[in-house]
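Step one of this worksheet: look at the structure below.
The values are calculated or read from the model by the stated rules, or taken from the named source; none is laboratory data. Bear in mind that the values here come from a model prediction, so they are computed numbers and not experimental data. In this analysis, Cβ positions are derived from the backbone assuming ideal geometry, glycine residues included, and neighbour counts consider all displayed protein chains.
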Amino acid sequence: MDQKDLESLLATLRQAQDSNPGAPAHPDQPAQLHHSGEGAPSQHQLNSLLTTLSALPDAGTHSHSQSPVPPAPAHPLNSRTKDLSQLTFQEAVPRVNALAMDPHFLEQVEQLWDEQRTFELRQKDERNRYERELRQSGVSPVIKSQRLREWDRRLLVRWAQLQGEQQEKLRALGVPTFQQTTDPTLLKRQERVIDVLVGFLEDRAEDGE
């Protein structure tokens with residue numbers, strides 16, 4: 001029954017209450033609006049209906065004695081819907097522990113670590129080679145230092161790109177606190193979570209020996 005039907009029923013009930021209690025209901029009134037075919041509703045039935053109406057939106061327009069019903073409080077986000085990137089470190093640790101029980105998850109994390117180590121070694125080799133080339137070219141120490149600083153700045157750009165990719169991959173794996181960010185506070189939190197993951201990877205390596 002929608003609000004319009006209830007309003008119509010309420011008007012009929014009030015009319016019936018003001019008339020002879022034993023009089024039959026209006027013949028045009030739909031049959032389902034009556035408890036039975038015994039005539040007008042009793043005062044008890046009217047009160048029951050008013051109670052029902054008071055729980056509906058805008059019920060205050062039908063009964064001055066009823067105060068507006070406050071909206072139901074929103075349900076807090078549960079573990080499935082809460083944004084994992086916003087968890088504190090204390091909230092993140094139990095989730096990381098649960099994730100680490102999955103060998104496939106640890107394999108994916110270990111692959112990220114291997115990619116990072118490969119990147120770091122490659123960048124180190126490239127810088128050493130570039131430095132040797134500068135030294136062999138006979139450029140002045142000032143020029144050599146300047147060009148190495150330029151190389152290092154380009155490395156920082158590449159490193160930031162790798163970091164963002166890793167953050168996104170870890171977020172996709174369901175690792176809490178992870179999202180693409182450069183915020184120092186959030187990065188520190190992510191580093192603490194990484195320390196926990198590294199511990200599991202070290203245990204995994206020891207078990208494999």
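Within the stretch 152-174, is even one residue touching a Phe, Trp or Tyr at 6+ places or on another chain (Cβ under 7 Å), polar (S, T, N, Q) and more than 16 Å from residue 110 (Cα to Cα)? Scanning the stretch 152-174 turns up no residue that is touching a Phe, Trp or Tyr at 6+ places or on another chain (Cβ under 7 Å), polar (S, T, N, Q) and more than 16 Å from residue 110 (Cα to Cα).
Taking residue 199, is it modelled with pLDDT of 95 or more and either part of a loop (DSSP other than H, G, I, E, B) or surrounded by 12 or more Cβ atoms within 10 Å (Cβ to Cβ) (or both)?
So residue 199 does not fit the description; no.
Pairs meeting the criteria (first residue in the stretch 180-209 and under 20 Å from residue 101 (Cβ atoms), second residue of a type in the set (D, E, K, R) and surrounded by 12 or more Cβ atoms within 10 Å (Cβ to Cβ), beta carbons under 8 Å, at least 6 apart or on different chains) are 201/110; 204/110.
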